[in-house]
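One structure is given below, encoded as structure tokens.
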């Protein structure tokens with residue numbers, strides 16, 4: 001088993017690093033901007049996040065399958081990151097809710113175009129070390145997610161409440177990320193086989209283990225609502241937007257640091273075991289956010305949440321990649337990301353509704369209980385395979 005990270009995996013990591021610096025300058029700021037400046041309700045925050053996710057979800061499925069049919073991945077990577085870059089500064093130019101919605105949806109359109117082809121490309125550059133490859137990529141991606149909010153906080157410190165400036169400056173790292181996409185190359189393989197299957201045909205011929213993984217992860221995603229609700233919950237507890245954002249930064253630092261080691265560990269111990277461990281941690285975190293109002297405890301929860309993400313995000317895609325041949329990976333990963341995006345959309349909307357009507361503890365408790373049940377199902381189901 002090889003542990004070396006290839007040049008193309010490194011380049012894709014750099015693309016994601018700078019893209020997430022831009023995206024995460026805006027991600028924790030946007031819900032605060034919506035609720036405190038534009039007067040949005042929690043339910044509307046959930047609707048905006050939900051629409052953004054379902055848009056990305058539909059396109060992830062389509063372009064994953066399309067990349068299999070054309071036998072090319074890199075062109076979708078370039079186009080997807082380009083569209084996302086252009087969407088970043090829009091709310092800085094026009095400050096209203098429709099423009100925020102347009103910006104978020106446009107950004108997700110770009111993500112939908114690039115995600116499955118990019119992940120299939122990453123898998124093609126693995127050689128028995130898919131967990132390490134996806135772990136490295138998630139680590140670079142998440143390092144950007146830690147740097148971005150820090151940049152936003154620094155700007156807010158010098159220019160208080162100047163959200164317009166943050167949206168505009170986020171365009172700079174987006175352009176740097178786009179420049180790296182010109183270095184992305186498709187893997188040269190001896191086989192020229194291209195998949196001509198649509199999703200129905202693919203599903204009928206897909207391995208049973210893939211189907212079980214897909215269903216259980218999709219169900220879990222129903223209770224894995226947008227992270228903006230964790231940020232808003234932290235803001236309620238700390239009474240400080242800056243502390244809430246710092247908690248999110250801390251989570252991303254832990255996530256970035258743990259992704260590559262846990263990815264490599266999943267290559268040795270099995271993806272299903274590391275993924276199950278991650279779901280148990282998720283359950284603990286959501287129980288904590290539901291029941292504890294201690295500011296100091298928030299830091300422990302964000303640290304654990306970073307461990308959860310590192311044990312599941314890249315590992316799930318590596319798990320899927322191991323089950324499917326190269327020429328069908330775009331379709332396989334596209335279907336996974338499409339269904340989970342739909343689930344997150346529904347979950348985000350329901351979380352916003354439950355929060356508005358019953359308070360924050362109810363949706364967090366529901367998520368904690370259901371995720372714990374799913375972790376038990378995955379543990380026993382896949383240890384028998």
Q) Hey, residue 86 hits all of (1) within 20 Å of residue 29 (Cα to Cα); (2) within 15 Å of the chain's Cα centre (by Cα) but one; which does it fall short on? A) (2)
Q | Filtered residue count, region 181-208, keeping only those that are buried (at least 16 other Cβ atoms within 10 Å of the Cβ), modelled with pLDDT of 85 or more, touching a helix residue (DSSP H, G or I) at 6+ places or on another chain (Cβ under 6 Å) and not in a helix (DSSP H, G or I) | A | 2
Q. Checking residue 272 against (1) outside any helix (DSSP H, G or I); (2) modelled with pLDDT under 90, which test does it fail?
A. (1)
Q | Residues of region 312-325 that turn out to be over 12 Å from the mean Cα position of the chain (by Cα), in a helix (DSSP H, G or I) and either without any contact (Cβ under 8 Å) to a residue 40 or more places away in the chain or more than 13 Å from residue 137 (Cα to Cα) (or both), as a count | A | 5
Q: Scan region 66-79 for residues that are touching a helix residue (DSSP H, G or I) at 6+ places or on another chain (Cβ under 6 Å) and outside any helix (DSSP H, G or I) and jot them down.
A: 73
**Q.** Residue check, residue 244 within 15 Å of the chain's Cα centre (by Cα) and either over 22 Å from residue 371 (Cβ atoms) or buried (at least 19 other Cβ atoms within 10 Å of the Cβ) (or both)
**A.** no
Q: Answer yes or no as to whether residue 92 is more than 21 Å from residue 81 (Cα to Cα), part of a helix (DSSP H, G or I) and in contact (Cβ under 8 Å) with a residue 40 or more places away in the chain.
A: no
Q: List every residue pair whose Cβ atoms sit under 9 Å apart, with the two residues 6 or more apart in sequence or on different chains, where the first one lies in region 224-252 and is free of Cβ contacts under 8 Å to residues at least 12 places away in the same chain and on the phi < 0 side of the Ramachandran plot and the second, anywhere, is in a helix (DSSP H, G or I) and surrounded by 21 or more Cβ atoms within 10 Å (Cβ to Cβ).
A: 240/234
**Q.** Identity of the residue in region 326-385, out of contact with any helix residue (DSSP H, G or I) (no Cβ under 7 Å at 6 or more places or on another chain) and in a loop (DSSP other than H, G, I, E, B), that ends up modelled with the highest pLDDT
**A.** 359
(Q) Against the definition (more than 16 Å from residue 312 (Cβ to Cβ), within 19 Å of the chain's Cα centre (by Cα) and at pLDDT 85 or above), how does residue 253 come out, yes or no? (A) yes
Q. Pick from 265, 304, 291: which is at pLDDT below 90, surrounded by fewer than 24 Cβ atoms within 10 Å (Cβ to Cβ) and touching a helix residue (DSSP H, G or I) at 6+ places or on another chain (Cβ under 8 Å)?
A. 291
Q.
Out of 230, 214, 178, I need the residue that is part of a helix (DSSP H, G or I) and more than 28 Å from residue 376 (Cα to Cα). Which one?
A. 178
Q) Taking region 156-174 only, how many residues are surrounded by 15 or more Cβ atoms within 10 Å (Cβ to Cβ) and not in a helix (DSSP H, G or I)? A) 1
Q.
Going by what's in this entry, would residue 116 be described as buried (at least 23 other Cβ atoms within 10 Å of the Cβ), over 17 Å from the mean Cα position of the chain (by Cα) and farther than 16 Å from residue 19 by Cα?
A. no
Q) Just one of 277, 282 is farther than 21 Å from residue 156 by Cα, touching a helix residue (DSSP H, G or I) at 6+ places or on another chain (Cβ under 9 Å), at pLDDT 90 or above and surrounded by fewer than 23 Cβ atoms within 10 Å (Cβ to Cβ); which is it? A) 277
Q) Just checking, which of 82, 144 is touching a helix residue (DSSP H, G or I) at 6+ places or on another chain (Cβ under 6 Å), buried (at least 24 other Cβ atoms within 10 Å of the Cβ) and assigned to a helix (DSSP H, G or I)? A) 144
Q: Look at residue 211 and say whether it is surrounded by fewer than 16 Cβ atoms within 10 Å (Cβ to Cβ) and over 23 Å from the mean Cα position of the chain (by Cα).
A: no
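The values are calculated or read from the model by the stated rules, or taken from the named source; none is laboratory data. Here the structure is a predicted model, which is why all the values come from computation and not from measurement. Reconstructed Cβ throughout: ideal geometry from the backbone, glycine too, with neighbour counts over all protein chains shown.
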